[in-house]
Amino acid sequence: MRTAPTVLHLDMDAFFASVEQASKPSLRGKAVVVGGLGPRGVVATASYEARVFGVRSALPMAQARRLAPNAAYLVPRFAFYRSISERVMELLRALSPLVEPLSLDEAFVDLEAGGAAWDERSARQAGAKLRADIRAVTGLTGSVGLAASKMLAKIASERAKPDGLVLIEPGTEQALLAPLSVRTLPGVGPATGDHLRRVGLHTVGDLAEAGEDELVRLLGKAHGHALYAMSLARDDRSVVAEREAKSVSVEDTYDVDIHDRVRVGVEVGRLADRCVRRLRTAGLSGRTIVLKVRRYDFSTLTRSETLRGPTDDPAVVREAAARLLDSVDTTGGVRLLGVGVSGLADYTQEDLFAQAAGERRKELPGEEAEAAASGEERPQAGAERRWPAGHDVRHSEYGHGWVQGSGLGRVTVRFETPWSAPGRVRTFRTDDRALHPADPLPLTERGPGDGEDSGDGEGDPSGQNGRGGDGRDAGGTRGGGPRDGRGPGAGAGAAARVRPG
Ligand code: DCP
Ligand code: MG
C-alpha cells in the first residue's frame, strides 16, 4: 500500500437534486425529491433539506410524500445529469490518466499516477482545487476524500459530506476503522451486517480480532478473506481506468453438436454458475449478462441483457442467460456456448451476503425512473401532450421555465432560468400552442454548454441552448416579473400537490 494519501474519491452532493436546485432558483435551500413519480416510483435522491425529514434514496415515493409533503417532486432528467457528470469527469481526467468512475457522480482518481500529488500537502491542495473547479464549471458541490487506499478514500469522502474535504493520514487508518461499525466496510450491507452482529461482531475492530479463519468460516473464502484484509485497513486495489471494458466469461466447445434443447439449457446453466464463481473469486459483480452461441454452421450470435444493478448471484445470472437463450434458434445444433458478465463493479458497492443468500434485488430506483422518464421525455405530437414535473419548457411569450406540476388538463410552469431570480408561476392548458418542451439551460453562465460545445445535442443537451436562446430566456423571465409575492416555498408545495397525470 502506498504511504501518501494520494488516492482521491469524489462524490457529488445529492447529485440529481443539486442539479435541479442549480437549474431552478426557486428550489434552492428547499426540500427537493427526484425520482419516479408513478405508483411504483421510488426516490432516486433527495436534497439535504429533504433528508432532514427522513427522505432518502430507494424509499417508495408514496412514503416520501408522507414524510415531506411540501417538498418539490421532480422526474429525473438523466441526459442532463449525464452531461454535467461528463464535465466533472473531464476535470478529474485533467488530474490523472487513472480515473475510475463508479457512477455518474462518483469516481476514484490516482493523483500520484498523474503527478498531481505526491504527499499530504500536495494531495490536500489538489483536492481543494478540484472542488473549486467543479463549483466554477458546474455550480455544484462535491465532497472529496483523500487517503492511501480506495477503501479509506471512500470512507473519507463520506465523512466530508456535504461540501467538504477529509484527508486520512497514512498510519492512522487501522485505529480510525477499529471503532466503526462493520457496515462502514465495502461489501457489508444490511444482510452481512446482521449476520456478523448475530455472532457478536459489531465493529471493524471486532473483525480484526476475530481473525481470518473465523471470517472465512462465516462468510466463505473470498468474502472472509477480503473482509479480514479490510478490517486491518489493507486495501491494495489500484485505481483502474475504463473498467467498463472488462468482463468475465467462460465458454465450452462441444465435440459433438448439441441438438437437444433441454441439454443446451442445462449447459447454459452450468456455464452461468462457472462464470459467477470466477466473478466472485475476483471480488466482482456485473450488470450485463452475455450469452454466446455458435451454431452448427459456425454462425455465432451474442445476446445480452443489462440488469438493474450489478449482481454476482448465480440464480440471477442463470435466469438471465436462460431468457437470452429463449431468443436464439438452436435447431440444427450448437457447437459452442458461452456466458459472460460485463459492466463490472467491485464488491465495494454490493452487499455480498445478501446476494449470496439468494435475496432478490429490488428494483433500482434510477433505472425505473429512467424508463419512466424516457417515456415522458418526448411528448407525443398530437392531442395528448405530457409535461413531466421538473422538465424544461419554453413559452413563446414568457420564455424559459419548468413544469411545476400538471393534471386535469392544466400545466403549471415556473418561469426562471439557472441565472435568474426565483421566477413566477403561470398555469396553462396542457394543449396550449405557445408552450413547448425545451432543453435544459447550462447551470453556470460560463459553465457547461456555454459556447464551447460541439453542439451534439444527444451527448450534451445543456449545450443546445448555450447560445442564441440565452438572452431571450433570461429577458422573458425578467419581463414576466419574477417576483409575484409568493415565496418560492409556496411553489414547491404546489409541485407536491399537483401530480402529473
Ligand atoms: N441514485 C439513484 N438511486 C439510488 C442511489 C442513487 O438513482 N438508489 C442516483 C441519484 C443520486 C446519484 O445517483 O443523485 C448519486 O448517488 P449518491 O449515492 O452519490 O447520492 P447523492 O449524490 O444523491 O447524495 P450524496 O452523495 O450527497 O449522499
Ligand atoms: Mg453523491
Original post:
Of the numbered conditions (1) at pLDDT below 95; (2) of a type in the set (Lys, Arg); (3) more than 15 Å from ligand 1 (Cβ to nearest atom), Arg40 satisfies every one except a single condition; which is it?
Top reply: (3)
Original post:
Within the stretch 1-15, how many residues are touching a helix residue (DSSP H, G or I) at 6+ places or on another chain (Cβ under 6 Å) and near ligand 1 (Cβ under 7 Å from one of its atoms)?
Top reply: 2
Subject >> Flag for Leu59 being within 16 Å of ligand 1 (Cβ to nearest atom), of a type in the set (A, V, I, L, M, F, W, C) and free of Cβ contacts under 8 Å to residues at least 24 places away in the same chain >> reply: yes
Subject >> Yes/no for Ser85 being farther than 22 Å from Ser238 by Cβ and within 14 Å of ligand 1 (Cβ to nearest atom) >> reply: yes
Original post:
Out of (1) modelled with pLDDT under 95; (2) surrounded by 18 or more Cβ atoms within 10 Å (Cβ to Cβ), what's the single condition that is false for Arg183?
Top reply: (2)
Subject >> Filter pass, Ala62 being over 30 Å from Gly115 (Cβ atoms) and either within 16 Å of ligand 2 (Cβ to nearest atom) or among the acidic types (Asp, Glu) (or both) >> reply: no
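Residue by residue, here is whether (1) among the acidic types (Asp, Glu); (2) outside any strand (DSSP E or B); (3) in contact with a helix residue (DSSP H, G or I) (Cβ under 9 Å, 6 or more places away or on another chain) holds:
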{"site": "Leu271", "(1), (2), (3)": "no, yes, yes"}
{"site": "Leu279", "(1), (2), (3)": "no, yes, yes"}
{"site": "Glu305", "(1), (2), (3)": "yes, no, yes"}
{"site": "Gly332", "(1), (2), (3)": "no, yes, no"}
Subject >> Among the residues listed as Lys161, Lys129, the single one being in contact (Cβ under 8 Å) with a residue 60 or more places away in the chain and either within 15 Å of ligand 1 (Cβ to nearest atom) or at negative phi (or both) >> reply: Lys161
Original post:
Restricted to the stretch 133-159, and to residues that are within 14 Å of ligand 2 (Cβ to nearest atom) and part of a loop (DSSP other than H, G, I, E, B), which residue is nearest to Leu10 (Cα to Cα)?
Top reply: Thr141
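Per-residue answers, yes or no, for (1) more than 21 Å from the chain's Cα centre (by Cα); (2) small (Gly, Ala, Ser); (3) within 14 Å of ligand 2 (Cβ to nearest atom):
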| site | (1), (2), (3) |
| --- | --- |
| Pro5 | yes, no, no |
| Asp11 | no, no, yes |
| Ser23 | no, yes, no |
| Ser26 | yes, yes, no |
| Lys30 | yes, no, no |
| Ala46 | no, yes, yes |
| Arg87 | no, no, no |
| Glu90 | no, no, no |
| Leu98 | no, no, no |
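The values are calculated or read from the model by the stated rules, or taken from the named source; none is laboratory data. Note that the structure is a prediction, hence the values are computed from the model and not measured. Here the Cβ is made from the backbone with ideal geometry for all residues, glycine too, and neighbour counts use every protein chain on show.
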